[in-house]
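Below is one structure, written out as structure tokens; comments come after it.
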């Protein structure tokens, strides 16, 4: 493989580009944002991911990776652009369409086009393929088209891109084999060959499975709070069963995958997606549920100060896409009596319009620390600082990441055990 073009330099596209470059291949990464292109070409990165900064610096320095605002003639094209949802929860595949159209004038016979973006079922066959055919190619013979969804965990992306099993689904057998050859250049995990439609659905069901199971835990916490039961204790005991593995509840589901992918299935088969749709509704209800709990906890205080800890959708990353923490901030801000301070050690002010504070400023004279993200920094907080700087040292831990210490002088409350909690005085 002499040259690879990766379109989209976000949380998947940039690590993918850097890995192919690491293994000695010439890679051009494409992004429509000139600032991102400039950042990468200077050997720096614009996102947070373990090991990525060092790798990008290395492969840019040795010339294997370049960034550009336009695609270049290559042998394989990997499309890794976002697929957000519209307000009606249908998929917006405009970026996939634009990325495909951007290469039609430079494609040549024998090239391989791979869509890594998460897409609704039949997108490869019904949307991407016709664009390439309109450009004059006999897809599957002149050029090869496949869908290969990413399936990685933020914080471990570089490792999992290499070692995870990859699903490669072509629009025909030749396309599947050609796309598999691309991934065999870097992937050490098993490469499973199937159709594009099966690959699309497999990716969506991976995240839908997780979303549904999280919804079960979130519904359980509501039931337990109504009945005066410690949900965390219930989960702990239930998980002693050898075939039970309940999740723990949380403030909602975020990120581009779990909070979005189920809607791609619902869009294509709404009448049949009853469970999936209900799970989405449950998880979408959690930010409001958390806010209601906060309102109760501070109901006896006049103009309380609430310290929101965490904007990222999960721990130890800087990704705030679809984050329930962001929604919770905006819901709390509707109460004009609340003084809100926000601290997230992984999120930069350039990423959000929400004003960010330092740790000390966020907790000074605060009445309640509301933990919405399970960053390591929060798991190891100095309780003495909290006790000394806060007006009322209370923590509401929605992520089950803080171990209470009865001798610390700081009161820790859990999302799953609020039935007997008194309001903050």
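Dividing the mean sequence gap of close Cα pairs (under 8 Å, 6+ apart) by how many residues the chain holds gives a relative contact order of 11 percent.
Using the Cα gyration tensor of the range 72-163, with a ≥ b ≥ c the square roots of its eigenvalues, what is the shape: rounded (a/c below 1.5), prolate (a/b larger than b/c) or oblate (neither)?
On the way: a/c = 2.14, a/b = 1.27, b/c = 1.69.
It comes out oblate by the Cα gyration axes.
Shape descriptor for the range 165-288: Rg over Rh equals 1.10 (Cα atoms; Rh from the Kirkwood inverse mean 1/r). Measure nothing but the geometry: give the 0 to 90° angle between the long axis through the Cα atoms of 274-297 and the longest principal axis through the Cα atoms of the chain, rounded to 10°. Taking the Cα atoms of the chain, the angle to 274-297 is about 40 degrees. Considering only 274, 162, 45, the mean-square fluctuation computed in a Gaussian network model of the chain, springs between alpha carbons under 10 angstrom, is largest for 274.
Just want the ordering: 69, 198, 83, from fewest to most Cβ atoms lying within 10 Å of their own Cβ. Please list the in-between numbers first.
Numbers: 69 12, 198 15, 83 20.
The fewest-first ordering by Cβ neighbours comes to 69, 198, 83.
With both partners inside the chain, how many of the DSSP beta bridges are antiparallel, as a percent to the nearest 5? It would help to have the intermediate numbers written out before the result.
Numbers: 3 of 46 bridges.
Among the beta bridges of the chain, antiparallel pairing accounts for roughly 5 percent.
What distance in nm separates the two pseudo spin-label positions at residue 57 and residue 173, each 7 Å out from Cα along the beta-carbon direction? The modelled label-to-label distance comes out at 4.9 nm.
The range 169-233 and the range 321-394 have Cα centres separated by 32 Å.
Compared with the dominant Cα axis of the chain, that is its longest principal axis, helix 196-227 is turned about 10°.
Label positions at residue 226 and residue 42, each projected 7 Å from the Cα along the C-beta direction, are separated by 5.5 nm.
If R0 equals 45 Å, the separation of the Cβ atoms of residue 122 and residue 23 corresponds to a calculated FRET efficiency of about 0.85.
If R0 is taken as 41 Å, the Cβ-Cβ distance between residue 385 and residue 336 corresponds to a FRET efficiency of 0.90.
In the chain, the longest principal axis of the Cα atoms and the axis of helix 173-183 are about 60 degrees apart. Helical runs assigned H by DSSP (4 residues or longer) give the chain a calculated mean residue ellipticity at 222 nm of -11000 deg cm²/dmol, each run adding -39500 (n - 2.57) before division by the residue total.
Placing a label point 7 Å from the Cα of residue 285 along the Cα-to-Cβ direction, the residues of the range 203-220 with a backbone N closer than 18 Å are 211-220.
Which of rounded, prolate, oblate describes the range 3-189, given a ≥ b ≥ c as roots of the alpha-carbon gyration tensor eigenvalues and a/c under 1.5 marking rounded, otherwise prolate only if a/b is larger than b/c? In terms of gyration-tensor shape, rounded. Take the alpha carbon gyration tensor of the range 94-144, find the square roots of its eigenvalues, order them as a ≥ b ≥ c, and report rounded if a/c is under 1.5; if not, report prolate when a/b exceeds b/c, else oblate. It is prolate, given that a/c is not under 1.5 and a/b is the larger ratio.
A compact globular protein would have a Cα radius of gyration near 2.2 N^0.38 Å; the ratio found for the range 229-425 is 1.06.
For the range 229-425, relative contact order (Cα pairs under 8 Å, six or more residues apart, normalised by length) works out to 23 percent. Potential lengthening of the chain between residue 392 and residue 292 amounts to 34.1 nm, from the contour at 0.36 nm per residue minus the alpha-carbon distance.
Bear in mind these aren't lab numbers, they're just calculated from the coordinates by the rules spelled out. In this text the structure is predicted, and so the values were computed from the model without any measurement. So basically every Cβ, Gly included, is an ideal-geometry build from the backbone, and we count neighbours across all protein chains shown.
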